[in-house]
């Protein structure tokens, strides 16, 4: 059985995944292209942005929009922070949520499993594939999912008590050429109190 903390994280991830799924769905309703693949973003702006306050860096094709949302759960309210770039019809993001003591004694794989299952259920998507992954000594899960209109590529990591989610959403049948470029760019950096800067 998936524990309460896994379900708690799943709810916060689902809120974010649904927002991006909606964006991708709108993009999928634009006139169809004859290309089978959504091309790489032709922009000189791809660069690495570092957010020391949240302990990560990642490459984006433009400066991410940063937002915060308090997510109420059975275990209390947690602040979920998202870093999002949308290049229609593609959306890519990093989500961060620190659950503190609520996950300190939980099995990492159980929390990650709960996050994955909840995200699938709440985004009305089905699992296509999954693999356990690691980032340094930290547990993670990579999985691909599909809804009726969109494909979602997730990488989720548990780092101490903080959950990180890298996500790319694109229309079905139009894979995004820079999906791996974005997902592979996610790195942990030393966490420093204060404002995150690019």
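Per this entry, residue 115 is not counted among residues that are within 25 Å of residue 65 (Cα to Cα), in contact with a helix residue (DSSP H, G or I) (Cβ under 9 Å, 6 or more places away or on another chain) and in a strand (DSSP E or B).
Take region 96-117 and flag every residue that is surrounded by 22 or more Cβ atoms within 10 Å (Cβ to Cβ) and either in contact with a strand residue (DSSP E or B) (Cβ under 9 Å, 6 or more places away or on another chain) or more than 20 Å from residue 138 (Cα to Cα) (or both). Passing the criteria: 97, 99, 103, 111, 112, 115, 116. Among the numbered conditions (1) under 16 Å from the mean Cα position of the chain (by Cα); (2) modelled with pLDDT of 95 or more, the only one that residue 128 does not meet is (1). Number of residues in region 133-148 that are in contact with a helix residue (DSSP H, G or I) (Cβ under 9 Å, 6 or more places away or on another chain) and either part of a helix (DSSP H, G or I) or over 22 Å from residue 175 (Cα atoms) (or both) equals 3.
Pairing residues of region 54-72 that are on the phi > 0 side of the Ramachandran plot and in contact (Cβ under 8 Å) with a residue 12 or more places away in the chain with residues that are exposed (fewer than 15 other Cβ atoms within 10 Å of the Cβ) and not in a strand (DSSP E or B), at Cβ distances under 8 Å and at least 6 apart in sequence or on separate chains, gives 55/189; 55/190. Restricting region 156-182 to residues that are in contact (Cβ under 8 Å) with a residue 12 or more places away in the chain and in a helix (DSSP H, G or I) leaves a set whose member that is nearest to residue 64 (Cα to Cα) is 182.
Taking region 62-95 as the range and being crowded, with 21+ Cβ neighbours inside 10 Å and either more than 21 Å from residue 188 (Cα to Cα) or at pLDDT below 85 (or both) as the test, the residues that pass are 89, 90, 91.
Considering the conditions (1) at pLDDT below 95; (2) closer than 25 Å to residue 171 by Cβ; (3) crowded, with 16+ Cβ neighbours inside 10 Å, residue 36 is excluded by exactly one of them, (3).
The values are calculated or read from the model by the stated rules, or taken from the named source; none is laboratory data. In this text the structure is predicted, and so the values were computed from the model without any measurement. All Cβ positions, glycine included, derive from the backbone under ideal geometry; neighbour counts span all protein chains shown.
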